[in-house]
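Beneath this line is the structure, given in structure tokens, with notes to follow.
The values are calculated or read from the model by the stated rules, or taken from the named source; none is laboratory data. What you see is a predicted model; the values in this text were computed from it and never measured. Methodologically, a virtual Cβ is constructed for each residue, glycine included, from the backbone with ideal geometry; neighbour enumeration extends over all protein chains shown. Quick note on the areas: whole protein, heavy atoms, side chains included, nothing else; ligands and nucleic acids left out. Shrake-Rupley method; radii C 1.70, N 1.55, O 1.52, S 1.80 Å.
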Amino acid sequence: MKKPAVLAAVFAATLLATPALADDFPSAITVSGEANVSAAPDLAQIDAGVANDAKTAKEASDANNAAMGKVLLALKGAGIAEKDYQTSRLSLQPQYGQNKSTGASPVVGFRASNRVTVKIRDVTKVAGIIDTLVGAGANDIGNIAFEVTQASKLLDDAREQAVADARRKAEIYAKATGVTLGAPLSVSEGGGPVPLFKARMATAPMAAPAAVAPGEETLSVTVNVSWAIKQGQ
């Protein structure tokens, strides 16, 4: 039986064909770096609407047009430029009742509604604009969103910080594994960096002045960086 000799020869050939452990060591260190920057929002956007019920479609539509006309005049009077408000939804829907004897659902009236989206470029005026809208007859206020319009400059600063964070991490790994960092091989940015803060406000008219807190937006950046490595000297 020569099988043991054959197996020994195959095992020896496998060892010779296997690269040295050092040759298998990764040729790069890849890490993620993160950075966050905070900024006060400088733009607010809100939705305001009016809804009117009437027996006929014409009556509901006429009442709604008159109500929205007052809202638009109030916006203009509050100093909002015409380019900063836009109709976002307009509808006229039948309203159904219930006939208990037949089970049918007859039309008992109509509801007309109109919504406008408003941009407010001075966030300190948001509460005042909301009060103005409610006073003019808007009975549905909501979907408030705050935004940092100059986010690009802030994000550029965050990108530099994120790359520095990635280098810091890579140097830790390099020291721990006995190698040194070489030139960066690749850099990629991940994720969507600009979040928006949104809030829903009550749809009923508010008796007290609206309380609105814009707070701050946190802009986040994540980068993935690969560095070439050199064996420790």
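General remarks:
- Per-region count, region 62-85, residues β-branched (Val, Ile, Thr) and part of a helix (DSSP H, G or I): 1
- In this structure, VAL50 does not satisfy being without any contact (Cβ under 8 Å) to a residue 24 or more places away in the chain, more than 30 Å from GLN150 (Cα to Cα) and among the β-branched types (Val, Ile, Thr).
- One residue from SER88, SER101, SER105 being small (Gly, Ala, Ser), part of a strand (DSSP E or B), modelled with pLDDT under 95 and open to solvent by 40 Å² or more (accessible area, probe 1.4 Å): SER88
- Residue selected from region 136-148 under the condition open to solvent by 10 Å² or more (accessible area, probe 1.4 Å) and in a strand (DSSP E or B), by the criterion farthest from ALA51 (Cα to Cα): GLU147
- Residue in region 181-190 that is at pLDDT 95 or above, more than 30 Å from ALA54 (Cα to Cα), surrounded by 15 or more Cβ atoms within 10 Å (Cβ to Cβ) and touching a strand residue (DSSP E or B) at 6+ places or on another chain (Cβ under 7 Å) present: no
- Just one residue in the set GLU59, GLU34 is among the acidic types (Asp, Glu), open to solvent by 10 Å² or more (accessible area, probe 1.4 Å) and either within 28 Å of ASP122 (Cα to Cα) or not in a strand (DSSP E or B) (or both); that residue is GLU59.
- Among the candidates LEU133, LEU72, LEU154, residue that is within 30 Å of ALA35 (Cα to Cα) and either free of Cβ contacts under 8 Å to residues at least 24 places away in the same chain or surrounded by 15 or more Cβ atoms within 10 Å (Cβ to Cβ) (or both): LEU154
- A residue that is of a type in the set (Val, Ile, Thr), in contact (Cβ under 8 Å) with a residue 24 or more places away in the chain and in contact with a strand residue (DSSP E or B) (Cβ under 7 Å, 6 or more places away or on another chain) occurs nowhere in region 100-107.
- Residues of region 108-121 satisfying the condition of being among the charged types (D, E, K, R) and open to solvent by less than 60 Å² (accessible area, probe 1.4 Å): ARG115
- Residues in region 149-180 that are in a strand (DSSP E or B) and among the hydroxyl-bearing types (Ser, Thr, Tyr): THR180 only.
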